[in-house]
Structures are given as structure tokens and as C-alpha cells.
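Enquirer: The structure's right below; bear with me while I get my questions together.
The values are calculated or read from the model by the stated rules, or taken from the named source; none is laboratory data. Note that the structure is predicted; figures quoted are calculated from it, not measured. Cβ placement follows ideal geometry from the backbone for every residue including glycine, while neighbour counts extend to all protein chains displayed.
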Amino acid sequence: MALSDFLVSLLTVVGVYTLFGLGLNVKYGFTGLVDFGHVLYFMIGAYVTVVVAMPSGAADYAGIGGFALPELLSALPLGGFIGWLLAVAVAMTAAALLSLLVGVPTLRLREDYLAITALGVATILHSVVNDEEWLFNGPFGVREVYQPLGGAFPLSLGSFTVNLVVFGLPSVLALGYVAYRVVRYVRPVSRDAALFTVAGVVLTVVGFGVTTLGGGAVVAAGAAVIAAGVYAVSRGVRVAGGFGRPLALFAALVFALWYLVMPAVTDSPAAVVVNLVWLFDPTTGANGAVTYSRFILLLTGAFVALAYLWCERTVNSPYGRVLRAIREDEDVPEALGKPTFKYKVHSMMFGSALAAAAGGLWATHIGFIDPGQFTSSITFFAFTAVIIGGTANNKGVILGTAVFWTLRTGTRFLDDYFPAEYATQLAALRVMLIGALLIVILYYRSEGLLGEQTYDTGVSPRGESSD
């Protein structure tokens, strides 16, 4: 897989789980509902989207569904795509109604009691989906996943130059914008902190290079060099007086080395160009084209943008202030005449609907679903991402999800730099890295990387200044 294809896949996963995390943030971050069963609505969204859009009589499928909604609307312009969007809407509605059924008897519980009950309900329904083949084909899953606009891709405008300008230029601009924001963020870091951070990057890269030579002693030496690099970065953090900017600089340099410098050294300068125009695949067809995976990324990005705008509008409204008041002390808004139980039910339904939309996108991206993809660990991954980025901060959800899934999924390329016999240890190491990062963040910055966002008044609900 080319690095640009890997980047597209990683960004799609980050987008799906950002949408999932935004739903959790509505419940937990803004309303204070600890829902350990949030993955239930992710699963419902995936299955309902698939069975509503799937044609009847699908091979190797014995469950309910096959309503072929896109096929019914195929006579309309973009009818198939509209049918798929309606299938996602049906899934969001189903998840919201299910959360209503779950929430009415459970939302009167508080904190850990609610969390345990929600987890129990999710575990029961997951077992039902897994064991009852008549429902959604049980453990065999669903392989017939409708691909909206799948027949239009790969999409080419006919000329390589036109394709490069129309599809490739936005890719370069996107990378340039990210680089600009990173430079602005890390500019205040001191020279000494920057030097320590750069030294850490160099030592880490050299250490990985040494490990590729193989042999137990050589791998140990490479690990020692990597440890020295980590120590250099920690020194940079100490000099800077905080870990945010040095780690951002470290991550940016590692990405640039991996994504731009290494291909130029190991392959050719043309590989760098391919990576720069990552939304456009110049190797597909005679004149290059936009592949279907890139379309799914753009579609996911559109869903995330709409969900983010909706969440921002909601939490900055009087309605959102009531939700935050419920989180802080439910008795206060109750005493002021606010129907807090109704607000909590609404929050549960809204957050579950966003999780269902994420499930529908996940099924479309993967092209196959089974119950094993919807374990309770997915919920805890989302909690981890929300905590890393900053609870009750929608931008923090995006950042935390990107950090978490880059560590979990993006670090798989490290397998190429170690002997095959260390694959099991590397898989465990990735999990340990995530745990260590969470510990460091909670120790040095308990409010997360971005902290709780401020609101229209310029003061957070806990009375902290936005300065």
C-alpha cells in the first residue's frame, strides 16, 4: 500500500471515530452521562444502514432486511446516493429510539450506576445480535454492503493535467494549511527546547534504522538509541515548561520524515509528488483518478463537519447551557424549573444518533460487518480519545481521536522496521504507548490537550478565564 493510500485510510478511520466521539461528548462531556454502552448505537447504525440499503436475496445472508432503498430510488438523479443517505437517517432514528427505550428506565441512575447499567444493556444486545442468526445473520456478519456512487469511481476528468489541478491542488493546500497551523503553534517554543526535540527525532529515527539490521544485540542497541531519543524529547518538554508544543514539533518532524523524506530516499522524488497530491491517485488509469476510498474520506469529512457545526451550535445555545448545568449539579437547574430528565433523554438520543451515523459510515468504509467489530472496547477507545483531547471540547474530540488512532493504527508501519519475531511484542507496545500517553496527559494536564472549551461569555462554566 502506498503511503498516500495509508494516509487516506487512516484519516477515514479518524473521521468515523471522531463522529462517534462527538456523540459521546454530547452525553458525557456536556451532560455528564457516563454511557459505557455507547458502542451499542454504533452497531445499530451499521447494521440498520446495511440492511435498509441492501438488495433482497443477498448471498450468504439469512437475517431480516434487504429493503433495497437505493434501488427503489434509482430512477431519480443520484437516487442511489439519496437512498443510502435515507438509510443512514433511518439508522440514526432507530438508534435514537433505542436510546430512548434504554434511557427512560436508566437515566434516573447517576454516575457509576448508569455506566454499569448501560454497559450491561449493550452487552446483552450485542450477544443477541451475535447469537440470533435470524436477526442480522449472527456471527457470520453481512458481506453485501451497498456502496453509494460506487459505479462512478475511479473518477477522472480525462486529462492528467486537469485531474492534477482539480484533485491534486486541494491536497497540497490541505497539507500546507496543517503545516501553517503547526508552525504557528510551535513558534513560541524556545531554541533549547527545539534543539532537544530535534535531537530526539534524530535519535529515534536512527534507533529504528539500527533495529532493521536484525539480531538480538542489534535490536537492543537500537532500542537504547530510541530510549535516548525519548529522553531528549522529555528534556525538551522540561525546558519548554510544557509538553504541548515540543510534542507537536516532534510529531510534525516525524510525519515529514516518514511521509516526504523517506520516500524520496528509498523510492524516488516522484513518490513524494504522489504523497503530496494524496486526494488524487496518479497511478490509477491512464490519466490518474480519484478512487472510491478517497470519496469515502470526503463523505466522512462532510458528516464530521455537519456534526461538529451542529454540536457547536447546540452547546453555545441556552439549551447547551442547561446541559452543562445538569453536568455540574443537576439539582440547580431542577430547582430553577428545568425538566432535567427530559434534557438528559434528549442528550442521550442526540449522541446515539451521531454514533449511528458513524456506524453507517464504518460499514460503508469496511464493506463487511460482524458483531466482533462492535465490542465494548470501542466505547473505551472513544472515552480515551475524549479525555486526551479535552472533555466538553469538540475540537478536543477531533484532536484526541487523531492522536489515539494514529498511535493505534498509524504505528503499525513500525512492524516493517523490526524482525518478524517481534510482531506480538510490538502489538502490545502500541497499547502500552496509548496507556502511557493517557497517564502523562492526566498527570500534567488533567483537562486534556485542549481543555474544556470556552463559550460565548468568554468564561468556562467552572469560572475559568479563557486566557
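Enquirer: Test of understanding: among L22, L40, L33, which residue is of a type in the set (A, V, I, L, M, F, W, C), modelled with pLDDT of 95 or more and either within 19 Å of T123 (Cβ to Cβ) or outside the structural domain of G451 (by TED's automatic domain parsing) (or both)?
Expert: Going through L22, L40, L33 in turn, the sole match is L40.
Enquirer: So, in the stretch 1-36, how many residues would count as being under 21 Å from V172 (Cβ atoms), small (G, A, S) and under 13 Å from the mean Cα position of the chain (by Cα)?
Expert: 2
Enquirer: Find the residue count for the stretch 344-385, including only residues that are hydroxyl-bearing (S, T, Y), within 12 Å of G21 (Cα to Cα) and in contact with a His (Cβ under 9 Å, 6 or more places away or on another chain).
Expert: Qualifying residue count, the stretch 344-385: 2.
Enquirer: Just give me the residues in the stretch 243-289 being closer than 19 Å to L11 by Cα and hydroxyl-bearing (S, T, Y), in sequence order.
Expert: Correct list: Y259 only.
Okay, residues lined up against (1) modelled with pLDDT of 90 or more; (2) charged (D, E, K, R); (3) part of a helix (DSSP H, G or I):
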| residue | (1), (2), (3) |
| --- | --- |
| A382 | yes, no, yes |
| A385 | yes, no, yes |
| K395 | yes, yes, yes |
| A402 | yes, no, yes |
| D415 | no, yes, yes |
| R430 | no, yes, yes |
| A436 | no, no, yes |
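Enquirer: Still on this structure, I have one more. So in the stretch 168-217, with the set limited to residues that are surrounded by 11 or more Cβ atoms within 10 Å (Cβ to Cβ), within 25 Å of W278 (Cβ to Cβ) and hydroxyl-bearing (S, T, Y), which one is modelled with the highest pLDDT?
Expert: S171
Every residue, every condition in (1) out of contact with any Asp or Glu (no Cβ under 6 Å at 6 or more places or on another chain); (2) aliphatic (A, V, I, L, M); (3) within 27 Å of A382 (Cβ to Cβ), yes or no:
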{"site": "T31", "(1), (2), (3)": "yes, no, yes"}
{"site": "V39", "(1), (2), (3)": "yes, yes, yes"}
{"site": "M43", "(1), (2), (3)": "yes, yes, yes"}
{"site": "V51", "(1), (2), (3)": "yes, yes, yes"}
{"site": "A75", "(1), (2), (3)": "yes, yes, no"}
{"site": "G80", "(1), (2), (3)": "yes, no, no"}
{"site": "V88", "(1), (2), (3)": "yes, yes, yes"}
{"site": "M92", "(1), (2), (3)": "yes, yes, yes"}
{"site": "P105", "(1), (2), (3)": "yes, no, yes"}
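Enquirer: Before we move on, is G37 under 20 Å from F303 (Cβ atoms), surrounded by 24 or more Cβ atoms within 10 Å (Cβ to Cβ) and not β-branched (V, I, T)?
Expert: no
Enquirer: Can you confirm whether G396 is more than 16 Å from F42 (Cβ to Cβ), in the same structural domain as E312 (by TED's automatic domain parsing) and not hydrophobic (A, V, I, L, M, F, W, C)?
Expert: Yes.
Enquirer: Of everything in the stretch 366-380, what is polar (S, T, N, Q) and outside any helix (DSSP H, G or I)? Give them in sequence order.
Expert: Matches in the stretch 366-380: T375, S376.
Enquirer: Is it the case, given these coordinates, that L125 is touching a residue at least 60 places away in the same chain (Cβ under 8 Å) and under 27 Å from A59 (Cβ atoms)?
Expert: Taking the combined requirement at face value, the residue satisfies it.
Enquirer: A further question on this structure: Can you spot a residue in the stretch 305-312 that is more than 23 Å from the chain's Cα centre (by Cα) and in a helix (DSSP H, G or I)?
Expert: no
Enquirer: Return yes or no: is F160 aromatic (F, W, Y), touching a Gly at 6+ places or on another chain (Cβ under 8 Å) and under 30 Å from N287 (Cα atoms)?
Expert: So F160 passes the test.
Enquirer: Test of understanding: among G351, G337, which residue is assigned by TED's automatic domain parsing to the domain that holds V397, within 25 Å of T401 (Cα to Cα) and not acidic (D, E)?
Expert: None of the other options fit; the residue is G351.
Enquirer: Now, a different point. Would you mind finding the one in T406, T411, T391 that is crowded, with 21+ Cβ neighbours inside 10 Å and either outside any helix (DSSP H, G or I) or of a type outside the set (A, V, I, L, M, F, W, C) (or both)?
Expert: The match here is T391.
Enquirer: Another question, then. All but one of (1) modelled with pLDDT under 95; (2) over 18 Å from F404 (Cα atoms); (3) aromatic (F, W, Y); (4) touching a Phe, Trp or Tyr at 6+ places or on another chain (Cβ under 9 Å) hold for F6; which doesn't?
Expert: The number of the failed condition is (2).
Enquirer: For A62, which of the numbered conditions (1) over 30 Å from R321 (Cα atoms); (2) free of Cβ contacts under 8 Å to residues at least 12 places away in the same chain fails to hold?
Expert: (2)
Enquirer: Just to be sure before I move on: is T18 β-branched (V, I, T) and under 13 Å from A357 (Cβ atoms) in the structure I sent?
Expert: Answer is yes for this residue.
Enquirer: Please work out which residue is farthest from L100 (Cα to Cα), limiting yourself to the stretch 313-360 and to residues that are in a helix (DSSP H, G or I), of a type in the set (S, T, Y) and over 25 Å from the mean Cα position of the chain (by Cα).
Expert: Filtering first and then ranking leaves Y319.
Enquirer: Go through the stretch 225-283 and report how many residues are at pLDDT below 85, surrounded by fewer than 18 Cβ atoms within 10 Å (Cβ to Cβ), among the β-branched types (V, I, T) and within 19 Å of A194 (Cα to Cα).
Expert: Matching residues across the stretch 225-283 total 1.
Enquirer: Based on this model, can you work out whether A363 counts as touching a Gly at 6+ places or on another chain (Cβ under 9 Å), more than 13 Å from H38 (Cα to Cα), in the same structural domain as A58 (by TED's automatic domain parsing) and in a helix (DSSP H, G or I)?
Expert: yes
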